[in-house]
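Worksheet: the structure to be examined is printed underneath.
The values are calculated or read from the model by the stated rules, or taken from the named source; none is laboratory data. Since the model is a prediction, treat every value here as computed from it, not as a measurement. Because the Cβ atoms are built from the backbone with ideal geometry, glycine has one as well, and the counts that use them run over all protein chains shown.
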Amino acid sequence: MNMLKSFSDPRLCRSLLDKIHEELHDELRFMEVCGSHTVSIFRSGLHSLLPKNIIHLSGPGCPVCVTHESEVGMYLDLAAREDVIVATFGDLMRVPGPEGRNLKTAQAEGSRIKVVYSPFDALELARQNPDAKVVFLGIGFETTAPVVAATIHMAEQQGLKNFFVLSFHKLVPPALNALMSDPEIKVNALIIPGHVAVVVGTHPYDFLPQKFQLPAVVTGFDPLDILQSLLELVRQHNEGRAAVVNHYTRAVQENGNPRAVEFMEKVFEPTDALWRGIGLLPMSGLKIAPAYEAFDAKKVLGLELHEEKPIPGCRCGEVLKGKLAPNKCPLFGKVCTPASPVGPCMVSTEGSCAAYFKYNTEL
Ligand code: SF4
């Protein structure tokens, strides 16, 4: 058996599942911070095999879902400019902004919007279109920010004058700190996204046990990763312990990737950021540092945030805070479906509402 296949080996999974059933006596409310974990749990069928007293709560770890409607408003303003080509990841295209408009609508109306697979593609677009201002829409967490930072650095080295980034990158640990401080959010333990920890390491999560006495496991996305992590959380809960444990050692070093962090800190600096349905969270975003402001679309093109206008009826904010199961939203599966999404949690493949809809779960 090759190494990767062994992370979904049914025999090993069964043995871990048996242990979880045997050892869990209380109700355990755990937050799967990242939408990719939600999808893995459903896709692998684990949700139907886990004990019923394990309560799954969604978290804020889907970058598209937390992109604020005011930020989408700014994207649309940008797209409306005749001298601008917007370069974006495809999953932002259908994210609703003010009046339900999105980039797809703007594209249909004639705006120049190109879907790219990497910020480096946007750089190439800038080279090919010297008469246009090419603006890359920077969203995502600590996973994507270093690559965008490297792209800005490269644009500077190559002397490109028509490449810009609109940075709405967000940071996971400050958001978790804010959410865990909310007394209405009842969580016993957390599963931490492995891909963010690949960059930042495990220490940025030390506040979870130290400040909130919450157990946390950094883990990967295969069934065995998730089951091992749940067993760890069950054991810490039973023993009244709280620690951050790394169960993704094949990818995550305790200190993360210092080179990637160095790039991120050189090009960006922390700033307060708006999270969809959650609000303004202190120091939870990244803006372009003064040394690179020639590439900052917000500054150079004079863009302003739109007034906040939440989507009527959409309860994504409560879903992202783990306060509401997606299928308890009154619009779920009726007016809001992946084919006709009302809110961003139904747009993204990592969105909890889309995962619940796709896997038809009763959780
Ligand atoms: Fe928003 Fe749709 Fe999810 Fe309801 S089901 S919270 S409307 S995305």
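Per-residue answers, yes or no, for (1) more than 9 Å from the ligand (Cβ to nearest atom); (2) surrounded by fewer than 14 Cβ atoms within 10 Å (Cβ to Cβ):
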site: Glu308; (1), (2): yes, no
site: Arg315; (1), (2): no, no
site: Glu318; (1), (2): no, no
site: Leu324; (1), (2): no, no
site: Leu331; (1), (2): no, no
site: Pro338; (1), (2): yes, no
site: Gly343; (1), (2): no, no
site: Asn360; (1), (2): yes, yes
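When Glu350 is evaluated against the numbered criteria (1) more than 9 Å from the ligand (Cβ to nearest atom); (2) more than 18 Å from the chain's Cα centre (by Cα); (3) buried (at least 18 other Cβ atoms within 10 Å of the Cβ); (4) closer than 15 Å to Cys65 by Cα, which criterion, by number, is the only one it fails?
(2)
Which residue pairs have Cβ atoms closer than 7 Å, lie 6 or more positions apart in sequence or on different chains, and pair a first residue in region 1-12 that is surrounded by 10 or more Cβ atoms within 10 Å (Cβ to Cβ) and among the small types (Gly, Ala, Ser) with a second residue that is at pLDDT 65 or above and not in a loop (DSSP other than H, G, I, E, B)?
Ser8/Pro223; Ser8/Leu224
In region 91-137, what count of residues is obtained for those that are in contact (Cβ under 8 Å) with a residue 40 or more places away in the chain and in a strand (DSSP E or B)?
5
Among the residues of region 188-205, is there at least one that is among the aromatic types (Phe, Trp, Tyr) and assigned to a loop (DSSP other than H, G, I, E, B)?
No: region 188-205 contains no residue that is among the aromatic types (Phe, Trp, Tyr) and assigned to a loop (DSSP other than H, G, I, E, B).
Examine region 213-220 for a residue that is at pLDDT below 95 and crowded, with 17+ Cβ neighbours inside 10 Å, and state whether such a residue exists.
The answer is yes, given that some residue of region 213-220 is at pLDDT below 95 and crowded, with 17+ Cβ neighbours inside 10 Å.
Restricting to region 13-31, name every residue that is surrounded by fewer than 19 Cβ atoms within 10 Å (Cβ to Cβ) and part of a loop (DSSP other than H, G, I, E, B).
His25, Asp26, Glu27, listed by residue number.
Evaluate the following for Lys266: is it touching a residue at least 12 places away in the same chain (Cβ under 8 Å), surrounded by fewer than 17 Cβ atoms within 10 Å (Cβ to Cβ), more than 9 Å from the ligand (Cβ to nearest atom) and not assigned by the TED database to the domain that holds Ala79?
Criteria not met by Lys266.
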